[in-house]
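Okay, structure first, notes after.
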Amino acid sequence: MNWNRAELKARAKSLLSGSYWYAFLVSLLVGITGGSHHWGGGGSAGGTSGIGGDEFSLWMGLLALFAVIVAIAVRVFLGFAIEVGGRKFFIQLPEGENDLGYIGYGFQHDRYYDIVVTMLLRGIYLILWTLLLIIPGIIKMYAYRLVPYILADNPNIGHSRAIDLSKQMTMGEKFDIFVLDLSFLGWFLLGALALGIGVLFVQPYYDATNAELYFKLREKALYRGITTPEELTL
């Protein structure tokens, strides 16, 4: 029941052969609304003296604050549900389905609240661990990695249970998952050389491979009795 990188990636390539552009659109939308955000501030070089400069700095600061608030709102109220819907798309891909309607999967009224709350808790935990120390934050990032996939299987599984189940499913797997990520580094660097646009075309391959990883870890979890088909509504 062990997995290897070559097998996952070969399977992902095979699945994308007839559905690449559908997958591209899904990955693009997930990336736009749910990609990583880089928080930080920029200083001014050389400085501007006088009241006019202070007023300009104030307005720029307010504009930056507004942009951050909008970005957070988009991420929470749109990005979380779209990310889970995107994972659902890739989960269904092996079943011969490439329905773009899965993007709206997380917005149905009986799913939306649970998805947003669970993903928000996951994000808060990651931020707190990262503020503690960078390395624990990275470890927890891998521990919580399967949360959106678990929610794609069962959005109503429960906030704590989704996070706890992801931790159990990734136990002893984190380093191998990290190496799997490293195996895509060359692809993403190559994509970045094409004015960064090439990265967009690599993302569906990465997303499909991660869905294949989830299948393997889910299968192992079912075998070990960590979860059940009923819990994941399989």
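Coordinate-derived values only; no laboratory data. Just so it is clear, the structure is predicted and the values come from calculations on it, not from any experiment. FYI the Cβ positions are ideal-geometry reconstructions off the backbone, even for glycines, and counts take in every protein chain you see.
Key figures for this structure:
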quantity: Length-normalised contact order of the chain in % [C-alpha pairs under 8 Å, at least 6 apart]; calculated: 26 percent
quantity: Segment 125-234 shape via C-alpha gyration tensor axes, a/c threshold 1.5; calculated: prolate
quantity: Residue order, fewest to most beta carbons within 10 Å, for I115, I69; calculated: I69, I115
quantity: Nearest 10 degrees, 0 to 90: helix 51-74 Cα axis against the chain principal axis; calculated: 10 degrees
quantity: Between segment 148-179 and segment 101-116, the alpha-carbon center distance in angstrom; calculated: 18 Å
quantity: Sites V179 and F201 - FRET efficiency at Förster radius 25 Å, r taken between beta-carbons, to 0.05; calculated: 0.65
quantity: Gain on full stretching of the segment that runs from T228 to L128 - 0.36 nm per residue minus C-alpha separation; calculated: 32.9 nm
quantity: Sorted by Cβ neighbour density within 10 Å, fewest at the top, the residues S19, S166, S14; calculated: S14, S19, S166
quantity: The chain - Debye-derived log10 I(q)/I(0), Cα point model, q = 0.10, 0.16, 0.17 Å⁻¹; calculated: -0.52, -1.22, -1.37
quantity: Lysines whose Cα lies under 21 Å from that of K167, excluding same-chain neighbours fewer than 8 positions away; calculated: K88, K140, K216, K220
quantity: Which of R87, R145 has the fewest Cβ neighbours within 10 Å, and the rest in rising order; calculated: R145, R87
